[in-house]
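All remarks here apply to the structure that follows.
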Amino acid sequence: MKKLSLLILFASFAFFANAQTTPSKAAAQKIEKKAVEVACGECMFKMPGKGCDLAIKIDGATYFVDGRKIDDFGDAHADDGFCNAVRKAVATGEVVDGRFKAKSIQLVEEKKTSKPKP
């Protein structure tokens, strides 16, 4: 009788343990023509890494970019390059597993204001 009671007890534990659900992966966050900031993740956004890699800031969260390289937009180490400046852009793609999968990134040219002449 003890063996039967133990068997039923262990079987019930096994059944309830198997019934536990594991959380599924979060769905990809789609980004469609959204105003973002783009720069070097390590130099400007202080993300961990071992080199200069393109990163994007979306609603305050930073992600490394897949599908585009840091030098696709010119010299990253120029005065206005991504290692020295955060640039505004319009991006389309999706965030998957903590990385931004870029379909397109278009830089927005900032208007330079000149001082009025006296």
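Could you line up Val65, Val96 from fewest to most neighbouring Cβ atoms inside 10 Å?
On the way: Val65 21, Val96 16.
So the residues, fewest neighbours to most, are Val96, Val65.
In this structure, the amide hydrogen of Asp75, modeled 1.01 Å from its nitrogen in the peptide plane, lies closer than 5 angstrom to no residue at least 5 positions away or on a different chain. Annotation note: trypsin sites (Lys or Arg not before Pro) in the range 29-69 located in DSSP loop regions with a Cβ neighbour count of at most 13 within 10 Å are Lys46, Lys50, Lys69.
Taking the Cα centre of the range 29-107 as origin and assigning +1 to Lys and Arg Cβ atoms and -1 to Asp and Glu Cβ atoms, the resulting dipole is close to 280 debye.
Any read-out appearing in this document is the output of simple, stated calculations on the displayed coordinates, not a laboratory observation. These figures come from a predicted structure and were not determined experimentally. Quick reminder, even Gly has a Cβ in these numbers, built from the backbone with ideal geometry, and neighbours come from all protein chains shown.
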